[in-house]
């Protein structure tokens, strides 16, 4: 969804801005394909969403710039309609607005890690995700809590050992791990606390 919101406006501006029909639709298909590819890649590799969006923006602006240059060369003897200048200015405004939005998304700040960072748990274990609220944030981080109940007769030690093994299979080889990639320095941490025959999973996240 996010790549579509950030890249889609360029397609909407390009369609009325283009002067050559064949080039208009050729570039439009390219921009639409770039948007779909970015959305699919962001879904498959959520840690790299900011890098994927940035790459898609660079490709989009480059394609439009090259296509506009081709139009100017082929139609250099034809005076462009007045609306073209306004549309080009609108394209620049959209670009600046998207870059501002992109920069705002990269602004450091705490966040709640998704519950599916550890879920689904092994069969037979019951997990209750506590509702997240403002009171769960502090000191630059936010914490999401999941309470796990074991199988009938399962001891607290055995439950913790099973969840620890499960967490390692989900990539939690250390207590904290990066949740972003190159541009997004987000980190998420996992803490297991035994409470009798129950286990509390604390997922905390922050942007630094």
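Of (1) surrounded by 12 or more Cβ atoms within 10 Å (Cβ to Cβ); (2) out of contact with any helix residue (DSSP H, G or I) (no Cβ under 6 Å at 6 or more places or on another chain), residue 82 satisfies all except one. Which?
Of everything listed in (1) surrounded by 12 or more Cβ atoms within 10 Å (Cβ to Cβ); (2) out of contact with any helix residue (DSSP H, G or I) (no Cβ under 6 Å at 6 or more places or on another chain), residue 82 misses just condition (1).
Taking the conditions exactly as written (more than 22 Å from the chain's Cα centre (by Cα), outside any loop (DSSP other than H, G, I, E, B), assigned by TED's automatic domain parsing to the domain that holds residue 180 and without any contact (Cβ under 8 Å) to a residue 40 or more places away in the chain), does residue 128 satisfy them or not?
Here the answer is yes, as residue 128 does meet what is asked.
Return the residues of region 1-15 that are modelled with pLDDT under 85 and either assigned to a helix (DSSP H, G or I) or crowded, with 18+ Cβ neighbours inside 10 Å (or both); say none if nothing qualifies.
2, 3, 4, 5, 6, 7, 8
Of all residues in region 115-129, which are exposed (fewer than 15 other Cβ atoms within 10 Å of the Cβ) and more than 21 Å from residue 179 (Cα to Cα)?
Once the filter is applied, which keeps residues that are exposed (fewer than 15 other Cβ atoms within 10 Å of the Cβ) and more than 21 Å from residue 179 (Cα to Cα), region 115-129 yields 122, 123, 124, 126, 128.
So which residues in region 179-199 are touching a residue at least 12 places away in the same chain (Cβ under 8 Å), loosely packed, with under 14 Cβ neighbours inside 10 Å and part of a strand (DSSP E or B), if there are any at all?
Passing the criteria: 191, 195.
State the number of residues belonging to region 51-85 that are in a loop (DSSP other than H, G, I, E, B) and modelled with pLDDT of 85 or more.
The number of residues fulfilling the criteria is 1.
For (1) within 27 Å of the chain's Cα centre (by Cα); (2) assigned by TED's automatic domain parsing to the domain that holds residue 119; (3) exposed (fewer than 11 other Cβ atoms within 10 Å of the Cβ), each residue gets a yes or a no:
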position: 133; (1), (2), (3): yes, yes, yes
position: 150; (1), (2), (3): no, yes, no
position: 156; (1), (2), (3): no, yes, no
position: 162; (1), (2), (3): no, yes, no
position: 177; (1), (2), (3): yes, yes, no
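Quick one: would you say residue 98 is under 30 Å from residue 159 (Cβ atoms), crowded, with 16+ Cβ neighbours inside 10 Å and touching a residue at least 60 places away in the same chain (Cβ under 8 Å)? Reasoning before the result, please.
On the way: under 30 Å from residue 159 (Cβ atoms): no; crowded, with 16+ Cβ neighbours inside 10 Å: yes; touching a residue at least 60 places away in the same chain (Cβ under 8 Å): yes.
When the stated conditions are applied, residue 98 does not pass them.
For region 37-50, which residues satisfy the criterion of being surrounded by fewer than 13 Cβ atoms within 10 Å (Cβ to Cβ) and either at pLDDT 90 or above or assigned to a helix (DSSP H, G or I) (or both)?
40, 43, 44
The values are calculated or read from the model by the stated rules, or taken from the named source; none is laboratory data. None of the values given here were measured: they were computed from a predicted structure. Positions of Cβ are backbone-derived with ideal geometry, glycine not excepted, and every protein chain shown enters the neighbour counts.
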